[in-house]
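These notes are about the structure you will find just below.
The values are calculated or read from the model by the stated rules, or taken from the named source; none is laboratory data. Bear in mind the structure is a predicted one, so any value in this text is a computation, not a measurement. Backbone-built Cβ (ideal geometry, glycine too); neighbour counts: all protein chains shown. Remember, those area values only see protein heavy atoms, side chains included, never the ligands or the DNA or RNA. Shrake-Rupley method; radii C 1.70, N 1.55, O 1.52, S 1.80 Å.
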Amino acid sequence: MSGLVLPEPILRAVRAHALATAPDECVGLLFGRGDRVTRQVPLTNVSPMPRTRFFADPQGLFRALKDADARGDDLLASYHSHPQGAPLPSVADHAAAWWGAVQLIVTPDAVKGFRLVGCRAEEVRLEVVGD
Ligand SMILES: [Zn+2]
């Protein structure tokens, strides 16, 4: 998979989630088929340092993954926000890279996708499409 196809309404929902939790970071998952995202699942950030870190509520995370498994959806990406920072993976993000899925980083001005491989971050092309 080289890029991610992101329907506009889902992108809007991700941005709205980031706005709603600011100045704390938000966290959530994007599911779909192939390279096309079809569903966004917001999760609760339970990190003790939510301004600069995210840690998804384990129960919500488990439920979302189990539900996606039942539907036959694939986990395509996780997303979180950098309310104050740059749309680039932090050192902590590298440590927390999940399951080889794309990591989407949302700032007030930008949304970027990365695949984190070891300590390298490869930017992933995001194709935003109308629904
Ligand atoms: Zn981050």
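Per-structure values
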| quantity | calculated |
| --- | --- |
| 1.4 Å probe accessible area per residue over the chain, in Å² | 53 Å² |
| Accessible carbon and sulfur surface of region 3-129 relative to its total accessible area, %, 1.4 Å | 56 percent |
| Three-way shape label, region 3-129, alpha-carbon gyration tensor, a/c 1.5 | rounded |
| DSSP-defined beta bridges in the chain - what % are antiparallel, rounded to 5 | 70 percent |
| In nm, spacing of pseudo-spin labels at ALA110 and ALA22 (7 Å Cα→C-beta vector) | 1.6 nm |
| Value at 222 nm in deg cm²/dmol, rounded to 500, when DSSP H runs of n ≥ 4 in the chain each add -39,500 (n - 2.57) | -8000 deg cm²/dmol |
| Long-range Cα-Cα pairs in region 44-100 (distance over 17 Å), rounded percent | 45 percent |
